[in-house]
Amino acid sequence: MFFKPQTLRVLVAFWLGLLVAPCPMPAQTSDVLGPDGQDQYAELSSSLEKAIQAEKQDLEQLGKSLEELKRWQNLWAGELTAARLQLSAVGNLMSLSSPALEDLDKALGSLKQTVDGAAARVKEFQDKHTEIAAKLSALAEQRAANQTRMETLKTRRDDLPIIRTLAGQLKEANELFKQKEKRLGEFQDIYQKLIDDWSTVRDEGTALLERLNKRIAERKREDLFRRSRNPLAVLDLTELRRDLDNAALLISQGLQPRFWAELGTALWKAGGVLLVTSILVFAIVEWLFFRFRRLSEAFLGRYDRSAKPWYFLTLNLLTHSLPLAGATLFVFGYTLARDLYDTSVFLRALCQILIVWLLTSWVIHFLRAVKETFRPERFAFAARRVRLLVSSGRWLLLAYVVLQESLGRASALLVLYRFALETAFLAWSLVFWREVRRKAFETPPSWMVGRPWTSNVFMALGYGIALAGLLLELAGYGLLATFWYVGWARSLVVGLWLFLFFKSLVEWDMAVSAAAPFDPDSEEETRSSFRWLMVKTLWGVWFFAGILGILLAWGAKQALIVAFFRLLNTPLPFGGLNFRVLGLLYASVIVAVTYVGTKWLKRLVKNRLLRHSGLERGLQESVVSIAGYVLWFMGILAALNALGFSGTSLTVAFGALGVGLGFGLQNIFNNFISGLILLFERPIQVGDSIEIDGTWGEVRRITVRSTIVQTVDNASLIVPNSEFISGRVLNWSFKDLRIRRNINVGVAYGSDVELVRRTLLEIAEAHPLVYKQPEPSVLFVDFGDSALLFRLRFWTTVPVCLQVETDVRFEIHRLFQQRGIEIAFPQLDVHVRTMPVASEKAGGTGAEPRGSSGVFADGRVPKGRHGP
């Protein structure tokens, strides 16, 4: 605006040429400058003349810009006067004892625009002022450099025409620089004054805006509990006719193209290019929402919804409402971002209409989805009645919004219309709840069995909501009645979503609990841990979202919500420590995240970092466990810090822990140190097959306190770590998985012992899991009482030893039968010696049977007896 690049290039060329000019010049001759030197100075003089002409043009253009700026200053002075009048009008309105709430809302919107405009002006003028300051700084540097070059020329001969010409040109350039500095200073003074004036308007408007917001909040509270006209007392035909005429006039204006043209012009002035860009982005996002909804419906249709009906119902409701929710958020967000909610009646009404339509759509689609998913025949009538109420109430509420924004809250027609709606809602409630009670007593649902009072609670709540609002209206508290109904309507929608998410989380929680059995080597455990963390986190989010939703449903402002979270963050002194509820929540989250993160870290180290390392399995498990301990240590420190433990308190806590170790915690500490010894020394390690008190098992995990051993019967044996350090443990796979097994077999006397030997060796050598070296061997152990005893010895590995023994025994039985080798079994020969019968010696009379069985030795039964 103030300098041309050509001028700067010419000046730079001039000074560079001057620096390379020959110096000093001798004083003896007048023509010591040769033709080349005089040509060089002539060229410099020509360049300087061009620079002077460019500076003159810049100075002339600068004067024109200054005149234009002064004209704009007059226009801005008018805007400044209008802004000050606006501030004065708002101040006068606030000085009234009881200004109308509608007037305060309009003043709030106009004041926001004034403050935003003043802030924009201040920023614009500050940028211009900064630009002028930079130009002045550059000009001052040029003047200083010019002065230096003039001092340099004084050392040359001044009796030469070319030197005098250059000196005069430099002097003229200096004068031009001074004039330019003066005009730039005028620019700077004007912008500084504008900055000061508009900053004053901005600061006063900001302070007034804060006071106005407080006054509006106070006015709303006052109007909420202030008695107004009774709806039965506003039956003035004249006033009603006037309101009807106003409503008809507004409708007729809304049907004219001029109204929409003016509305579009106002929106264009408020948004401009940003409005067009926002509409284009909104159209693209809405198209994506519609596409996503279609794809989601097709995707969800492929799954069986019987396992998680509420989960799929919630997803269906969310995806179905995405386009409408996106449109509502766009209009509401744009209106608030541009501060148009308080100034544009059309946009405010449109926001309220979209919100009403969205909330009622959720209820209608929920009832429809419940009917399609569960088919509740018992209370189908209730769903039909509620859906009819919401569907018809939607249009009635839209008409109420239009009347309120068009005629104002104090309109007699609006009061009468609201009274009619409240009366109709009470009548519907009486009919609906009476029928619900009759159906509930005839066929009560499962959740009401044994709890008949629940129906009375719901009925009392329904009657109370409808009747209380109507009584407030009749008492003259119309705004309070409106707040009452709106609060319960919002709470109903919040409760609907809380119920849906509750049922979905219950289904998800049940699915996670029944996901997979315990298997420490499976990746499913890590995934289940992550899902468990997600479920628990979502439960916490559900709880706090419910509290926040209820607060917002009843009109809680930002200050109340901030106060609520500030209450959660209030320190609670306990001894020398300060605990906070939020700190406890943070600590719980940190511990849960550490728990899941430890599993993910162990999986990463085991399956990624150490997978192809070549280390032993036990050493890998030791590295994995140590990594988990390190992460747990860091997580516990972070959790303690979140709870409020400082460095000093942690020192005290560790000191108390040291005292506890000397008394009741010494066993726990002993097991912990023993676990570390097991991890580093590794006398046993994960995967080893050990024998404890005659029980075989495999080491599955070495934890902080104990070692988990899984027996062959799939029973988990929990052994304290200290027992492995201080006691004796038989480790069958320590440093070597090979194991020698013995199979004893006895053959009958007379068998071919060489055939037996060859057969046993053949069986052992043929098995693929039997080592060839050391070779299998057969021992002739002994001559038994009933058999010749042989022992087959072979080497195999610990994990398959039992299976190998079983296979070998099956093969021994098969080949022995095939080759005629008899497997002996214990035999006992009993020799019975017959004694002389006593009855024969006695002549066969009066003899009693011998023995306790009551029979003779030859087996005869005495007379009169028929068996034992």
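Computed quantities for the displayed model
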| item | result |
| --- | --- |
| Lone qualifier among L280, L315 - being within 23 Å of D509 (Cβ to Cβ) and in a helix (DSSP H, G or I) | L315 |
| Count - residues of the stretch 790-800 that are in contact with a strand residue (DSSP E or B) (Cβ under 7 Å, 6 or more places away or on another chain) and open to solvent by less than 70 Å² (accessible area, probe 1.4 Å) | 7 |
| Options V719, V699, V709, V781; residue that is open to solvent by less than 70 Å² (accessible area, probe 1.4 Å), in a strand (DSSP E or B) and within 21 Å of F825 (Cα to Cα) | V781 |
| Qualifying positions in the stretch 104-161 - of a type in the set (V, I, T) and either assigned to a loop (DSSP other than H, G, I, E, B) or modelled with pLDDT of 80 or more (or both) | T114, V115, V122, T130, I132, T155 |
| Sole residue being in contact with a Phe, Trp or Tyr (Cβ under 8 Å, 6 or more places away or on another chain), within 30 Å of L249 (Cα to Cα) and at pLDDT below 90, chosen from L354, L347, L398 | L347 |
| For R368: the one exception among (1) under 21 Å from L492 (Cα atoms); (2) buried (at least 18 other Cβ atoms within 10 Å of the Cβ); (3) among the charged types (D, E, K, R) | (2) |
| Which listed residue, of R258, R305, R291, is over 30 Å from L413 (Cβ atoms), open to solvent by 70 Å² or more (accessible area, probe 1.4 Å) and part of a helix (DSSP H, G or I) | R291 |
| Those residues of the stretch 811-849 which are modelled with pLDDT of 85 or more and surrounded by 11 or more Cβ atoms within 10 Å (Cβ to Cβ), in sequence order | E811, I812, H813, R814, L815, F816, Q817, R819, I821, E822, I823 |
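Matching residues to (1) without any contact (Cβ under 8 Å) to a residue 60 or more places away in the chain; (2) of a type in the set (V, I, T); (3) crowded, with 17+ Cβ neighbours inside 10 Å:
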residue	(1), (2), (3)
F330	yes, no, yes
A337	yes, no, no
S344	no, no, yes
V363	no, yes, yes
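The values are calculated or read from the model by the stated rules, or taken from the named source; none is laboratory data. Note that this is a predicted model, so its numbers are computed, not measured. FYI the Cβ positions are ideal-geometry reconstructions off the backbone, even for glycines, and counts take in every protein chain you see. Accessible surface areas use protein heavy atoms only, side chains included; no ligands, DNA or RNA. Shrake-Rupley method; radii C 1.70, N 1.55, O 1.52, S 1.80 Å.
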